[in-house]
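Engineer: If you scroll down you'll find the structure; I have some questions about it.
The values are calculated or read from the model by the stated rules, or taken from the named source; none is laboratory data. Please read all numbers here as calculations on a predicted model, not as lab measurements. Quick reminder, even Gly has a Cβ in these numbers, built from the backbone with ideal geometry, and neighbours come from all protein chains shown.
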Amino acid sequence: MRRSLALGAIIATVATSAVVAFAGPAAADPSADDWYQLRMCESSNRYDINTGNGYYGAYQFDLSTWRSVGGEGRPDQASPSEQDYRALLLYRNRGWSPWVCAYLVGLSEDGDARSGVAPPQPGNQNAGSGASEGSSGSGSSGSSGSSVPAYPGRQFFEGDYSDDLKAWQKQMGTRGYDLVGTGYFGPKTKAAVLDLQAKAGLNVVGYIGPKTWAAAWDSPAPAPAPAPATGSGYQPQTGESCGVGQATAPEWPGKTFVQGDTAPELQCFQKQLGSRGFGLTGTGYYGPATKAAVVELQNRNGINPSGILGPKTWKAAWEGN
């Protein structure tokens, strides 16, 4: 009896662990806006970008990192939904650490970061609960005010990835919902689905079928989109905003920088040195190349070559030798 109970406990523990290891996406996953801000900083939200620097696609994967999360070929040649999925998988393995831009944008990690929990594969054909999305009898979806794209022929559930979902999400974004067309059916998409189904008089089942698909376009009066929050978007540093090439240095940011630091202010310093032939491009990350440039600049201007970027070194980037 004791052996049987012990064996049962072990089996239960293993079974529980297996459920955790292959669970679907949790509500704590980064929001669509978080991912959008990251992509804007990394690649100007261009999934097909290849500048020849060894980094590819919207999330600027290098090939070794891309392959470490199961990617094949080149990232910029993969579909947007595939890139989105591999980025989420990398986030669940390593958090925001692979992306310098995550720190520049100000993103924070949550409970899914570094959890090792694999999200569902792209195009997950979830069978769902079997509940119908048909009319609940409490209303109708109204008459269409615009052409509805053809229904893709499959249902979409939380955790799914699909390029087809992007059109539905973007349409919902025009109606005031906080969706930007990622192709990932996350918590925000589910909340929008539930709200739309309730307002359109459909059964509130939480998945997208043909009636919920059409209801995104077929509506009496679309809700106005909310005004964008001021200052919420990532604003990349430019040569003009950094004062690159001007005769006097911009105001010292008030903190020193050492190797390993990441900060928007570093972008301006790097861009200024780049304009003076130091080969820096303004990544915002203080790596070995930036340290070598700092030490050389300090030597040229009689500053202690400590490699620490302080007020004297900052000023010398604009006004020194």
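Engineer: Looking at Pro220 and the list (1) modelled with pLDDT under 90; (2) under 30 Å from Gly274 (Cβ atoms), which single condition is not satisfied?
Structural biologist: (2) is the only condition that Pro220 fails.
Engineer: Something else now. Scan the stretch 288-309 and give yes if some residue there is part of a helix (DSSP H, G or I) and touching a Lys or Arg at 6+ places or on another chain (Cβ under 7 Å), otherwise no.
Structural biologist: Step one: filter the stretch 288-309 for residues part of a helix (DSSP H, G or I), giving 288-300.
Filter once more, so that each one left must be touching a Lys or Arg at 6+ places or on another chain (Cβ under 7 Å): none.
Within the stretch 288-309 (the criterion being part of a helix (DSSP H, G or I) and touching a Lys or Arg at 6+ places or on another chain (Cβ under 7 Å)), the answer is no, since none of the residues qualifies.
Engineer: So, one more: Here's a check for you: in the stretch 164-182, which residue that is in a loop (DSSP other than H, G, I, E, B) and closer than 12 Å to Tyr36 by Cβ is modelled with the lowest pLDDT?
Structural biologist: Only one residue fits best here, namely Val180.
Engineer: When Leu89 is evaluated against the numbered criteria (1) of a type in the set (A, V, I, L, M); (2) under 24 Å from Tyr177 (Cβ atoms); (3) modelled with pLDDT of 90 or more, which criterion, by number, is the only one it fails?
Structural biologist: Result: Leu89 passes all but (2).
Engineer: Is it true that some residue in the stretch 270-283 is touching a residue at least 24 places away in the same chain (Cβ under 8 Å), aromatic (Phe, Trp, Tyr) and within 25 Å of Glu240 (Cβ to Cβ)?
Structural biologist: No - not one qualifying residue is present in the stretch 270-283.
Engineer: Report the residue count in the stretch 186-208 for those that are at pLDDT 90 or above, crowded, with 21+ Cβ neighbours inside 10 Å and under 21 Å from the mean Cα position of the chain (by Cα).
Structural biologist: Of the residues in that region, 2 qualify.
Engineer: Okay, next question. Within the stretch 45-118, considering only helices (runs of 4 or more DSSP H) that don't extend past its boundaries, which have at least 2 residues that are hydroxyl-bearing (Ser, Thr, Tyr) and either over 12 Å from the mean Cα position of the chain (by Cα) or surrounded by fewer than 18 Cβ atoms within 10 Å (Cβ to Cβ) (or both)?
Structural biologist: On the way: elements: 63-68, 80-94, 100-105.
Output list reads 63-68.
Engineer: Which condition breaks for Phe156 when tested against (1) hydrophobic (A, V, I, L, M, F, W, C); (2) touching a helix residue (DSSP H, G or I) at 6+ places or on another chain (Cβ under 9 Å); (3) over 16 Å from Ser31 (Cβ atoms); (4) at pLDDT below 90?
Structural biologist: Unmet for Phe156, out of (1) hydrophobic (A, V, I, L, M, F, W, C); (2) touching a helix residue (DSSP H, G or I) at 6+ places or on another chain (Cβ under 9 Å); (3) over 16 Å from Ser31 (Cβ atoms); (4) at pLDDT below 90: (4).
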